[in-house]
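Encoded as structure tokens, the structure appears first; notes follow it.
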Amino acid sequence: MHDLAPSGLSFSAPSRRTLLRGIGGATLLGAGIPLLSACGGSGTAADPKTVSLGSNSSDAVPKKAFAEIYAAFTKKSGVKVDVNTKDHNTFQEQINSYLQGTPDDVFTWFAGYRMQFFASKKLATPIDDVWQKIGGNFPEAMKKLSKGEDGKYYFVPLYTYPWAVFYRKSVFAQHGYEVPTTWDAFVALCKRMQKDGLVPIAFGDKDAWPAMGTFDQINFRTNGYDFHVELMAGKASWTDAKVRKVFDHWTEILPYHQEGAVGRTWQDAAQTLVAKKAGMYLLGTFVGQQFTNKADLDDLDFFAFPEIDPQFGQDTVEAPTDGFMLSKAPKNKAGAAQLLEYLGTPEAEQIYLKSDPNVVAASTKADTSSYTPLQKKAYEMISGAKSLTQFMDRDSRPDFTSTVMQPALQNFVRNPKNVDSILSSIERQKKTIFASS
Amino acid sequence: MTATPAKVPETADEPTPGSAPTAKPAKVPHGHQRLLTRRDRLTLGLMAGVPTILHVALVWLTALASIALAFTTWDGIGFDSIRWVGLQNFRELFTNNPQFWPAVEHNVIWFVVLIVLPTPFGLFLAVQLDKKIRFSRVYQTAFFLPVVVSMAVIGFVWQLVYNPDTGLINSLIGANKPGHYIDWIGDPDLNLWAILVAASWRHAGYMMILYLAGLKSVDPALREASALDGANEWQTFKNVVFPTLRPTNTVVLVVTIIEALRAFDLVFVFNKGAQGTELLSILVTNNIIGESSRIGYGSAIAVVLLVISLAVIIPYLIATFRKERRA
């Protein structure tokens, strides 16, 4: 997951291939894409001893971690896993045509709306039989995340990671700061940090998705989980007073955010936390990847986003979850089911976590004894949550979030005074997008 | 391309002296002499036919399909989910999309800037280099180098210059501290111009080479004549050299229009067309590429781009054909 953004979009600058495809897409004017890409996928004939698997884990650490899981599975069952790894950006951009063509039996994907979307388009096979065997390994919130809109299971979660406010213990100790649990304490802390010459909240929104995380946190703290779901599903209105309240809170803390956020990547923003120039940073636990020095990483800690409305407390946690799905017509369905069952075991999760300590297991049965303190805290935060959200672009239509919300939030971050016109513009665009299918 | 072989039988019809004995064999009832064997015709047919089919399928059909799709909504999954919505995409685009008008404006700005700044500068460089000064080859190479590099790479290189926290400019002038912070990439009043500097940097070299080629074809006798008439350097350039560059100017204009309309890669690498750098090509890509795409809507934007391109291309073609007819 190293380069896999919580939004599912790319963190890093686009690869040359992505670019070329972008240009190709623009010149083909769209029409040619489904026709041309229908030839992807694996062409292996049905072999009962092989399961093909399409993977977006193209980065070294997760790729190796996954390979170890598949090797363990082959050793146990005698079924070979034929992995077809694609660059994660490419994988996401082509997922549409990939699933319509001849996809691999099993493929990596994300929980939430993005999974439900392909399930409702009949591009995935329900796996209720698999869940009968693995169901006991997962908490209720994970079960909810793995179901399609029709109530059937479509997804096997592997790992998850929470979003929270990160800080350095040494900085807090040096200035005598305390972890804020309420909004007022949070704002007061920001003010103090500014006086102490720190950037209170590191922020980089060049890739356009990090601001969505801030919105999500303020939104479900202000209005609760149910409103988050309604809003993401396109049911609640963006011109509602509740949404306006979210932006009012955001406007209040925006002056304490790092200046020039729209021109900065999340990696650069994280570096200001590493360098102790910033006091806090709201992001997913993958921020730890930027702490390359072991001593710095040990100094890293986090707290849940402070409470805004006591009615909702801190009971919602944003925890994007990654896992696996079964394609529409798997060639080796029995083998694929066997693999999915294995992927749903605590054993498989532990193999993964050994190589990639920036995330935590989706299963409650996985052994947490080898967890780092940060992982343990993340695990507790997730297992103690009443509701789990995914991320704005995993809980809502990606076409809405990428073409409307990303530019709108960047606009807001630059001109918080324009909030009313931004919100009515979002609402108008939302109506047409959600009405279209 | 079929023009030349087609002429052969026609010219053979005329009773030319050299071809008298075989001119009109009685076996051919239509009066056409078959100079081409069956095989030749097959080859010609394939040579003309295959490219035609490819061209029609890959250029015309996709363009027409995209025009048709502009009046539909489609998420790209299965052809049965295509739904006809009439002009709704365009209505949405013109009235509701906060990025559309800025994108049109930026494409226009892109063209105006390229034609006003780097193009004359390229001409200036070409005129200087044409004077056979020392190390002329070295300068030529230096200015042309950016043209050889791909736009994507130029984007990466200039990001290192513009990065607000660690970039060259802000580090030099100390504009990366809170309070006096210059956000070259994120500030909508700055970023388009920042990118245009990078685009101009490349474009000037391109224009220089085109003009250099044009200048090489200027007859030295003309310069000599104007020198004899007592014209100074500027007068020679203005009244003698520049007018002979007319064909080059046409090429330059066309190339610059194309550059402005297809502007994409540099911006995509720079900041993906965020606030202040929206371009039509980027809006098309954002709407079409991805997991649940708005192909109908994206096509509508592509159609707007197509219409703008046609508005530029058609007058050019008319002018060209008119000139050919006169010639």
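The values are calculated or read from the model by the stated rules, or taken from the named source; none is laboratory data. These numbers were taken from a predicted model, which means no experiment stands behind them. Using ideal geometry, Cβ is built from the backbone for each residue, glycine included, and neighbour counts are taken over all protein chains shown. In case anyone asks, the SASA skips ligands and DNA or RNA and just uses the protein heavy atoms, side chains included. Shrake-Rupley method; radii C 1.70, N 1.55, O 1.52, S 1.80 Å.
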Within 10 Å of the Cβ of an average residue in A:115-122, the count of other chain Cβ atoms is 2
Give the peptides A:93-105, A:77-89 in descending order of average Cβ contacts within 10 Å, highest first. A:93-105, A:77-89
Would you mind calculating the relative contact order of chain A from Cα pairs under 8 angstrom and at least 6 residues apart, reporting the percent as a whole number? 25 percent
Please say if the range B:104-148 is rounded, prolate or oblate, where rounded means a/c under 1.5 for a ≥ b ≥ c the square roots of the C-alpha gyration tensor eigenvalues, and otherwise the choice is prolate for a/b larger than b/c and oblate otherwise? oblate
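Highest mean first, how do A:192-198, A:275-281 rank when packing is the count of other Cβ atoms within 10 Å averaged over residues?
The densest-packed peptide leads the list: A:275-281, A:192-198.
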Please find the FRET efficiency linking residue B:239 to residue B:47, where r is the Cβ-Cβ separation and R0 is fixed at 30 Å, and quote it to the nearest 0.05. 0.05
Mind telling me which of A:403, A:222, A:182 comes out most flexible in a GNM of chain A, alpha-carbon contacts under 10 Å? A:403
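Over chain B, what is the relative contact order in percent, taking alpha-carbon pairs closer than 8 angstrom and at least six residues apart?
About 25 percent, as a whole number.
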Can you classify chain B as rounded, prolate or oblate using the Cα gyration tensor, where a ≥ b ≥ c are the square roots of its eigenvalues, rounded means a/c under 1.5, and otherwise it's prolate if a/b beats b/c and oblate if not? oblate
If you average the alpha carbon positions of the range B:91-111 and of the range B:253-309, how far apart do those two centres end up, in angstrom? 10 Å
Note to self, the protein assembly as shown gives a 222 nm [θ] from helices alone (DSSP H runs n ≥ 4, -39500 (n - 2.57) apiece, / all residues, nearest 500) of -16500 deg cm²/dmol
With heavy atoms of protein chains only and a 1.4 Å probe, what residues of the range A:361-403 have at least 20 Å² less accessible area in the full set of chains than alone? A:398, A:399, A:403
Roughly how many Å is it from the Cα centre of the range A:156-223 to that of the range A:77-125, as a whole number? 34 Å
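At 0.36 nm per residue, and after removing the present C-alpha to C-alpha distance, how many nm does the segment from residue B:171 to residue B:326 gain when stretched out fully? Could you put the intermediate results ahead of the total?
Working: separation 155, 0.36 × 155 = 55.80 nm, distance 5.96 nm.
Gain in length upon complete extension: 49.8 nm.
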Can you pull the three principal axis extents for the Cα set of the protein assembly as shown, in Å, largest first? 101, 72, 48
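What accessible area per residue comes out for the range B:101-267, rounded to a whole number of Å², with a 1.4 Å probe? Walk me through the intermediate numbers first.
Working: 8810 Å² over 167 residues.
Ligands and nucleic acids excluded, the figure is 53 Å² per residue.
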Give, as a single signed number, the net charge of other residues whose beta carbon lies under 14 Å from the beta carbon of residue A:379, with Lys and Arg counted +1 and Asp and Glu -1. 0
Set the Förster distance to 30 Å, then compute FRET efficiency between residue B:228 and residue B:138 from the Cβ-Cβ distance, nearest 0.05. 0.35
For residue A:77, what charge total do you get from the other residues with a beta carbon under 13 Å from its beta carbon, if Lys and Arg give +1 and Asp and Glu give -1? +2
Normalised by the residues of the range B:101-267, what does the relative contact order come to in percent, with Cα pairs under 8 Å and at least six apart? 36 percent
Shielding by partners, peptide B:272-281 (average Cβ within 10 angstrom, other chains): 4
Can you bin the range A:310-359 into rounded, prolate or oblate? Criterion: square roots of the alpha carbon gyration tensor eigenvalues sorted a ≥ b ≥ c, rounded for a/c under 1.5, prolate for a/b above b/c, oblate for the rest. oblate
For the range B:239-248, Karplus couplings with θ = phi - 60° (6.51, -1.76, 1.60), whole Hz, Gly/Pro x: 9, 10, 6, 4, x, 6, 7, 3, x, 4
Starting from the Cα of residue B:221, step 7 Å along the direction of its Cβ; do the same at residue A:354; then give the gap between the two resulting points in nm. 8.7 nm
Here the net charge surrounding residue A:198, from other residues whose Cβ is less than 10 Å away from its Cβ (Lys, Arg +1; Asp, Glu -1), is +3
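Would you tell me the mean number of C-beta atoms belonging to other protein chains that fall within 10 Å of each C-beta in A:256-268, as a whole number?
Values: counts 0, 0, 3, 10, 13, 3, 11, 20, 7, 5, 0, 0, 4.
Other-chain Cβ atoms within 10 Å of each residue's Cβ, averaged: 6.
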